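**Q** Below are the structure tokens for one structure; questions will follow.
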């Protein structure tokens, strides 16, 4: 799937975007560094400063999609600050942080589960 979201507003002139996707082999979030090169570190992502650069990067990413390297391709808006690149939207900040927003606990691997003790009757 290829997503093409765009935000229209006052900040259209100062746009900074990167291309993100999920790696097909393991589902990890990756960022486009160059044609055919996807990295897990947002700081290494190629920056697009114009709509034309973002469109060209998306076209290149679509080739990687067709080659089954990545899925869920999209351009996301970022800002560059003292700490590096930061995603603008909450959704994308959660993705960069490795999401999800709800932690699920599970017993450590190899832990025996006592079905009588762990049973909860309703």
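Readers should treat all values here as calculations from the given coordinates under stated rules, not as data from a laboratory. In this text the structure is predicted, and so the values were computed from the model without any measurement. Positions of Cβ are generated from backbone atoms using ideal geometry, with glycine treated the same way; all protein chains shown enter the neighbour counts.
**Q** By how many nm would the segment from residue 47 to residue 86 lengthen if fully extended, with 0.36 nm per residue of separation less the alpha-carbon distance? Before the final figure, lay out the partial values.
**A** Values: separation 39, 0.36 × 39 = 14.04 nm, distance 1.20 nm.
The residue 47-residue 86 span can extend by a further 12.8 nm.
**Q** Same structure, new question: Over region 10-98, what is the mean sequence separation of C-alpha contacts under 8 Å (at least six apart), divided by residue count, expressed as relative contact order in percent? Show your work: numbers first, answer last.
**A** Values: 146 pairs, mean separation 28.0, N = 89.
Relative contact order, region 10-98: 31 percent.
**Q** Let a ≥ b ≥ c be the square roots of the eigenvalues of the Cα gyration tensor of region 10-98; is it rounded (a/c under 1.5), or, if not, prolate (a/b larger than b/c) or oblate?
**A** oblate
**Q** Please check which bits of region 68-91 a label hung off residue 37 would reach, taking the label as a point 7 Å along Cα-to-C-beta and the cut-off as backbone N under 20 Å.
**A** What the label zone holds, given the 20 Å backbone N cut-off, is 68-71, 74-76, 85.
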